[in-house]
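Remarks on the structure that follows.
The values are calculated or read from the model by the stated rules, or taken from the named source; none is laboratory data. In this text, all values refer to a predicted model and were calculated from it rather than measured experimentally. Here the Cβ positions follow ideal geometry from the backbone for every residue, glycine too, while neighbour counts run over all protein chains shown. All accessible areas refer to the heavy atoms of the entire protein, side chains included, with ligands and DNA or RNA removed. Shrake-Rupley method; radii C 1.70, N 1.55, O 1.52, S 1.80 Å.
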Amino acid sequence: MTTMNSTTLAIGTSAGSLAASIAFSFLMGALALYTLLHYREVFAWMKQIRRTDAENTAYDEPDQWLADLYKAQCRRAKKPSRAEDMEDISQTGDMIRGVADHIEAIRTELAKVVERVDDYLDTALPALTPALKVSFQDHQAQLVQAMKQEAARADLAQAISSARQRIALLRRG
């Protein structure tokens, strides 16, 4: 009878350990499947982040040029300017004009900035003449031109701000 009891105990123990091994194997398989699915999601997320970063690099240069243009036009605020004073604005406007057609997502905003740069540059005061005395009519015309210039500068600042906001929105989304 003792032999029988120990055999039954051995069979019961082996069946219990076999069941525990099977349960543990299923648990490990489920854990492996969960880990695989999790890493798949992580890799998909990383791929999306890389793609977004690659797309955002296209906006780096125009955004920097817009920032430079904003600083340049701010230096000219409330200061009547001649064409030679606006060379930095003209140069930056030309750089933006060069890329405006190549970046589809912000094409209209950059085109608006370029248009406003041209409008601003068109308001440049005439070059200084060595005249000793400026007539009243010339002085009045220059004052009117200076007011038009300031209005064009404000329009340019608004266009730059709109373009930079659009770039920021595209970078986020």
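General remarks:
- Matching residues in segment 84-103 - criterion: being open to solvent by 60 Å² or more (accessible area, probe 1.4 Å) and more than 15 Å from Ala163 (Cβ to Cβ): Glu84, Asp85, Glu87, Gln91, Asp94
- Residues (of a type in the set (S, T, N, Q) and closer than 19 Å to Asp155 by Cβ) located in segment 91-116: Thr92, Thr108
- When segment 26-67 is filtered for residues that are of a type in the set (Gly, Ala, Ser) and modelled with pLDDT under 90, the ones remaining, listed by number, are Ala44, Ala54, Ala58.
- Contacts under 8 angstrom Cβ, first residue in segment 47-71 being touching a residue at least 40 places away in the same chain (Cβ under 8 Å) and more than 11 Å from Ile96 (Cα to Cα), partner in a helix (DSSP H, G or I) and open to solvent by 60 Å² or more (accessible area, probe 1.4 Å), 6 or more apart: Asn56/Arg171; Tyr59/Arg171; Ala67/Arg164; Tyr70/Arg164
- Matching residues in segment 117-155 - criterion: being basic (Lys, Arg), open to solvent by 60 Å² or more (accessible area, probe 1.4 Å) and closer than 14 Å to Lys78 by Cβ: Lys148
- Of the helices (runs of 4 or more DSSP H) that lie entirely inside segment 25-128, those containing 2 or more residues that are over 23 Å from the mean Cα position of the chain (by Cα) span 87-100, 107-122.
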